[in-house]
Amino acid sequence: MAKTIQAIRGMNDSSPTDTPLWQWIENKVRQVLASYGYSEVRMPIVESTPLFARAIGEVTDVVSKEMYTFWDNDEQLTLRPEGTAGCVRAAVEHGWIYNNEQRLWYIGPMFRHERPQKGRYRQFHQAGVEIFGIANPEIDAELILLTARLWKELGIDQYVTLQLNSIGSLDARQNYRSALVDFLQNHLDLMSDEEKDRLEKNPLRILDTKNQALQDVLNNAPKLLDYLDDESREHFAQLCTLLDEMGIQYEINPKLVRGLDYYNKTVFEWVTTALGAQGTVCGGGRYDGLVEQLGGHATPSVGFAMGLERLVLLVQEVNKSIPVQSAVDIYLVFAGEGTTLAAFKIAEKLRSELPHLRIMTHCSGGKFQKQFKRADKVGARLAIVIGESEVQSNQVMVKDLLGNTDQQAVAVDELVAYLTQVFKE
């Protein structure tokens with residue numbers, strides 16, 4: 001026997017029993033985004049490596065350690081580690097945002113070579129939103145209202161908390177960076193080699209360190225909010241006022257900086273403790289300089305991304321009443337001369353007339369008993385039974401596999417009307 005080949009570590013399969021929940025969550029995401037008037041875009045999974053180095057920042061962990069990068073002839077390519085850079089690249093390349101507002105969203109797989117853990121994998125899936133051409137804090141508020149609505153739709157709103165911060169302008173962060181480095185120079189003894197490297201290259205990333213001793217010290221560190229420029233301070237104040245008026249609860253977290261270099265002004269995360277240690281469900285913020293950085297005209301921008309694996313785990317944990325539909329509504333069983341053609345004709349007619357129903361035709365032969373077992377196994381609600389006598393009388397027997405009603409003979413010409421009534425109930 002040949003040796004079996006297994007999936008790559010951190011890249012997982014979803015079984016037929018898992019995918020209905022994924023589809024339910026993805027459909028909720030699509031419905032909420034559509035209700036706000038956002039439009040879907042689709043970008044390649046593979047992009048030019050310099051795109052991410054320029055957008056994310058070469059000293060970030062994502063670029064320096066986690067990207068899947070390879071050479072294709074003389075061009076260096078990377079499997080996308082996040083969606084914003086590719087969306088900006090597409091918007092600039094095709095002129096979608098030149099003198100124009102855009103509210104865009106996407107969904108799909110991303111790739112990072114990091115240590116796999118529960119809810120975080122090397123191939124993972126994100127839904128993201130990117131808005132271009134609106135500088136006002138009102139659009140920041142709308143993104144937060146949109147995500148709050150989605151949490152209600154998913155039944156997880158009581159298990160997530162909104163954290164907010166403003167990281168100001170580039171100049172404000174440079175001033176703060178100097179003050180933070182001066183403060184941390186007195187606590188080098190608490191730092192790992194990696195943290196010392198961050199202190200030199202990207203000191204703001206130390207603010208979300210998992211080193212508890214260093215976190216305790218950081219409680220007394222200078223606060224980024226104290227170094228904000230006037231414009232950023234006013235922007236943040238207006239955002240908080242609007243969220244207050246809309247009844248959105250939040251916590252201001254002065255250590256929240258997000259992990260990528262392109263953010264400015266508003267940053268936010270929705271976090272949960274329902275899966276154990278606090279984890280991020282959704283995060284985003286403004287990145288007003290990124291479009292220009294990637295070759296476009298200066299364009300105010302804001303967005304967010306949510307990891308679907310963690311969202312699936314959270315919904316499974318806290319929402320036990322998910323109305324996930326069975327894979328099959330109607331299962332056609334048949335045996336005897338002339339029944340195969342009759343079954344296929346009826347199945348195709350039903351698919352044409354009742355396209356919202358899931359209809360499966362038995363194709364592996366055998367007696368009725370075997371076929372009914374298969375119908376039960378796939379979770380069908382009804383079985384349509386066709387034997388030789390049914391073919392001769394131009395009717396079928398409809399059997400309720402859940403045992404709620406008795407088996408009933410229905411004329412083929414009346415079958416669509418009959419099933420329409422059954423599935424209304």
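The values are calculated or read from the model by the stated rules, or taken from the named source; none is laboratory data. A quick note: this is a predicted structure, and the numbers were derived from the prediction, not measured. Cβ atoms come from the backbone with ideal geometry, glycine included; neighbour counts cover every protein chain shown. Heads up: the accessible areas ignore ligands, DNA and RNA and are worked out on the full protein's heavy atoms, side chains in. Shrake-Rupley method; radii C 1.70, N 1.55, O 1.52, S 1.80 Å.
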- [ ] Would you calculate the separation in nanometres between label points at Ala135 and Asn27, each defined as 7 Å from the Cα along the Cα-to-beta-carbon direction?
- [x] 4.3 nm
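Pop out the carbon and sulfur fraction of the accessible area of the chain as a percent, whole number, probe 1.4 Å. Walk me through the intermediate numbers first.
On the way: 10300 of 21900 Å².
C and S atoms contribute 47 percent here.
Mind checking Rg over Rh on the stretch 100-144, alpha carbons, Kirkwood formula for Rh?
On the way: Rg = 14.7 Å, Rh = 12.8 Å.
Using Cα coordinates only, the ratio equals 1.15.
Once fully extended, how much extra length lies between Thr420 and Arg120, figured as 0.36 nm per residue of separation less the alpha-carbon to alpha-carbon distance? Write out the running numbers ahead of the final one.
Values: separation 300, 0.36 × 300 = 108.00 nm, distance 4.32 nm.
Between Thr420 and Arg120, full extension yields 103.7 nm more.
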Task: Rg/Rg_globular for the stretch 163-282, with Rg_globular taken as 2.2 N^0.38 Å and Rg from C-alpha atoms - done: 1.10
Open item on the list: Taking every pair of distinct Cα atoms and averaging 1/r, then inverting, what Kirkwood hydrodynamic radius in Å comes out for the chain?
Closed with: 25.1 Å
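Net charge within 13 Å of Leu313 by Cβ-Cβ distance, Lys/Arg positive one each and Asp/Glu negative one each, not counting Leu313 itself?
Details: positive: Lys118, Arg120, Arg310; negative: Asp18, Glu309, Glu317.
Local charge sum for Leu313: 0.
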TODO: Would you mind telling me which residue in Val385, Val63, Val315 has the biggest mean-square fluctuation in a Gaussian network model of the chain, where springs connect alpha carbons within a distance under 10 angstrom?
DONE: Val385
Open item on the list: What figure, in Å² to the nearest 10, do you get for the accessible area of Met360 with a 1.4 Å probe and non-protein molecules left out?
Closed with: 70 Å²
Task: Histogram of C-alpha separations across the stretch 259-401, 10 Å bin width, % - done: 10, 25, 15, 12, 15, 14, 8, 1
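Under the Kirkwood approximation for Rh and a Cα-based Rg, what ratio Rg/Rh is obtained for the stretch 350-416?
Values: Rg = 12.1 Å, Rh = 12.9 Å.
Dividing the radius of gyration by the Kirkwood radius yields 0.94.
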TODO: Between Ala34 and Glu66, with labels modelled 7 Å along Cα→Cβ, what's the label distance in nm to one decimal, could you check?
DONE: 3.2 nm
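Rounded to the nearest whole Å², what accessible area per residue is found for the chain with the 1.4 Å probe? Spell out each step's value before the answer.
Numbers: 21900 Å² over 425 residues.
With all protein chains present, the chain gives 52 Å² per residue.
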Open item on the list: Multiplying the sequence separation of His297 and Glu353 by 0.36 nm and subtracting their Cα-Cα distance, what value in nm do you get?
Closed with: 15.1 nm
- [ ] With only Lys, Arg, Asp and Glu charged, each at its Cβ (+1 for the first two, -1 for the last two), find how big the charge dipole of the stretch 322-424 is about the Cα centre; round to the nearest 20 debye.
- [x] 460 debye
TODO: Among Ser35, Asn73, Met1, flag the residue with its Cα farthest along the positive direction of the charge dipole of the stretch 1-76, charges on Cβ as +1 for Lys/Arg and -1 for Asp/Glu.
DONE: Ser35
Task: Within straight-line cross-link reach of Lys210, lysines at Cα separation under 29 Å, skipping those fewer than 8 residues along the same chain - done: Lys65, Lys118, Lys196, Lys201, Lys223, Lys255, Lys265
Task: Volume per residue that the Cα convex hull of the stretch 92-185 spans, once the total is divided by residue count, Å³ - done: 213 Å³
Task: Asp226 versus His187: modelled label distance in nm, points set 7 Å from Cα along the beta carbon direction - done: 1.4 nm
TODO: Please find, in a Gaussian network model of the chain (springs between Cα atoms separated by less than 10 Å), the residue of Thr84, Thr49, Thr405 whose mean-square fluctuation is greatest.
DONE: Thr405
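Given the convex hull of the Cα atoms of the stretch 1-157, what is a quarter of its surface area in nm²?
13.0 nm²
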